[in-house]
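Derivation of every value follows stated rules applied to the coordinates shown; laboratory data play no part. Every value quoted in this text rests on a predicted model; they were computed, and no experiment measured them. Positions of Cβ are generated from backbone atoms using ideal geometry, with glycine treated the same way; all protein chains shown enter the neighbour counts.
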Amino acid sequence: MRKTGAEPLALYIHWPFCVSKCPYCDFNSHVRAEIDEVAWRDALLADLAHEAALTPGRPLGSIFFGGGTPSLMAPATVAAVLNAAERHWGFAPGIEITVEANPSSVEAANFRALASAGVNRVSLGLQALDDETLHFLGRAHSVTESLTALDAAQAAFGRVSIDLIYARPDQSEAQWLAELRQALAFGTEHLSLYQLTIEPGTRFAALAAKGELPTLGVDEAAHLFEVTRAVTAGAGIPAYEISNHARPGAESRHNLAYWRYRDYLGVGPGAHGRRGRLASFRRKKPENWLEAVARNGHGIESEEPLDATIRAEEALLMGLRLDEGVDLARIAAETGLAIDAMIDRAAIERLSVHGLIARDGDHLTVRETGMLLLDAILADIVR
């Protein structure tokens, strides 16, 4: 372990391959019956080495394997990536190493091997706890399979997070409360609880356009949001971000790096990062990325400078998702902008009167009631 006082980095490893078609994401073109894992491993290691050469002297505080079905990566590939990452950067004490997983029996069978390779946290996409809803959401797994995978995850990893989607069509408060309490009884340290959103270009959007998707009203969804926060807080897993809840100390360190607008590195097809004052973008199509790595030693498609205004805006938009809020003085110091050039003071004063936000000196937070209107508030106060 390398000793350094430099601020830790977050590293995102994107593994794009899916094992089956997904009905509502853009990874359908990435379905592969089989791949040359050695070739992909070598390319990941080359892409990793390129980023390391650009960020010397800073340890890694977190690593996140995400994308298509990263929990089906060969454990030898995961171990090779982690060994290379530790060699290049060094690991900060207590580094968090997460893999994203679906609760299928095939993926669960890989959990112990992934833990042996160095992964110490899993983010498990349960999504729902009844089979009818899972079918509606286009998920291939059943509740029985989900719970078996959860048992396997809790046996293999020291830290487990689960994802659920609520405010689903025709979902009642009683139904959601029963599901939420069941999830809390699992004893995981972290819950990601997302309200169902209709994204353009998805199957859900098409159904909604035809009037075939009975979505909840705004007031009903807002009530479920308030109920969710109250119940999780009462169970000792309060919200720390608009959709994320954790026991104190069990927050996702990797995601906090994004929300606190710290540097993070992206490696693999379609990965992006923030390195100093640059935004980096990798080639999205897997084969194009692979060819770029062979040709250039990395998969970068473009790097774009971020001016002070963009960096301040991004820091505010990300940081105000957190219950802890943002330190305006820190953002001003890092961007060189005056605080009043970043925020609309009159809008903040107006929203404060209504109890939606709070400003204490240079500290700005969105209150719980304001989280229900976060998008509108951000549009109002961020210059």
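Packing here is the average count of other Cβ atoms within 10 Å per residue, and on that basis the peptides 175-181, 188-194, highest first, run 188-194, 175-181.
Rounded to the nearest 0.05, what FRET efficiency do Gln175 and Asp340 have when you use their Cβ-Cβ distance and R0 = 51 Å?
Details: r = 47 Å, r/R0 = 0.92.
That gives a FRET efficiency of 0.65.
Report the extension gain between Thr197 and Ala333 in nm, rounded to one decimal, defined as 0.36 nm multiplied by the number of residues separating them, less their alpha carbon distance. Spell out each step's value before the answer.
Working: separation 136, 0.36 × 136 = 48.96 nm, distance 3.58 nm.
Between Thr197 and Ala333, full extension yields 45.4 nm more.
Compare the peptides 114-120, 68-74, 233-239 by average per-residue count of other Cβ atoms within 10 angstrom and give them in order, highest first. Could the numbers behind the result be given before it?
Working: 114-120: 20.6, 68-74: 23.0, 233-239: 15.6.
Those peptides, ordered most packed to least, come out 68-74, 114-120, 233-239.
For the chain, the mean residue ellipticity at 222 nm estimated from helices alone is -12500 deg cm²/dmol, where every DSSP H run of n ≥ 4 contributes -39500 (n - 2.57) and the total is divided by all residues, rounded to the nearest 500. The fewest-to-most ranking of Trp289, Trp259 by surrounding Cβ atoms within 10 Å reads Trp259, Trp289. Take the Cα of Ala185, step 7 Å toward its Cβ, do the same at Glu324, and the gap between the two points is 3.3 nm.
Looking at Ala140, Ala115, Leu60, which one has the Cα that reaches farthest to the positive end of the dipole of region 9-259 (charges on Cβ: Lys, Arg +1; Asp, Glu -1)? The residue sitting most towards the positive pole is Leu60.
Rounding to the nearest 20 debye, state how big the charge dipole of the chain is about its Cα centre with +1 on each Lys and Arg Cβ and -1 on each Asp and Glu Cβ. Each step should come with its number before you reach the end.
On the way: 36 positive and 50 negative charges, 198 e Å.
So the dipole magnitude of the chain works out to roughly 940 debye.
Per the Debye formula on identical point scatterers at the alpha carbon atoms of region 286-343, with no solvent, log10 I(q)/I(0) at q = 0.14, 0.16, 0.18 Å⁻¹ is -0.56, -0.61, -0.65. Counting neighbouring beta carbons within 10 Å and listing from fewest to most, the residues Thr133, Thr98, Thr365 come out as Thr365, Thr133, Thr98.
In debye, nearest 20: dipole of region 308-381 around its Cα centre with unit charges on the Cβ of K, R (+) and D, E (-)?
On the way: 7 positive and 14 negative charges, 16 e Å.
With only Lys, Arg, Asp and Glu charged at Cβ, the dipole is about 80 debye.
Taking only the Cα atoms of region 308-381, how large is their convex hull per residue, in Å³?
Numbers: hull volume 5.5 nm³, N = 74.
Expressed per residue, the convex hull around the Cα atoms of region 308-381 is 75 Å³.
Take the Cα of Ser243, go 7 Å toward its beta carbon, and the backbone nitrogen atoms of region 125-144 under 20 Å from that spot belong to 125-130, 133-141. Summarising the amide proton neighbourhood of Ile343: residues at separation of 5 or more, or on other chains, whose placed amide H is nearer than 5 Å comprise Arg383.
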